[in-house]
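To keep things clear, I will list the structure first and then write my remarks on it.
The values are calculated or read from the model by the stated rules, or taken from the named source; none is laboratory data. Because the structure is predicted, anything quoted here is derived from the model rather than measured.
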Amino acid sequence: MPTWKTKKIKTLAKAFTKIKDEHDMLKFLRDICTIEELHEMANRLYAAQLLDEGFSYRDVAKKTGMSTTTVTRISHWKNHGEDGYTIALKKI
């Protein structure tokens, strides 16, 4: 199975890490993503935060408007992924 960490994705990650100013990051995010994509990513992070705070899947689904299937998927990656959610949540 080919790795998902392609040269293009690594370049994208590098761009994210090099932009330190919040306003510059917001400009970059707006140019690279649709408004819907931005809302979805922000909502996923919010769901991970709620799960961290101990909310049930059902409560997270109600608060975010997501399906419980999506909340379950977020929980799975939060607990069995590459610790990206944990890293991000610690930094904010």
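Structural remarks
- Within the stretch 42-71, the set of residues being more than 28 Å from Arg30 (Cα to Cα) and of a type in the set (Lys, Arg) comprises Arg58 only.
- Hey, Glu53 among the acidic types (Asp, Glu), modelled with pLDDT of 95 or more and within 12 Å of the chain's Cα centre (by Cα) or not: no
- Among the residues listed as Lys14, Lys91, the single one being modelled with pLDDT of 95 or more and not small (Gly, Ala, Ser): Lys14
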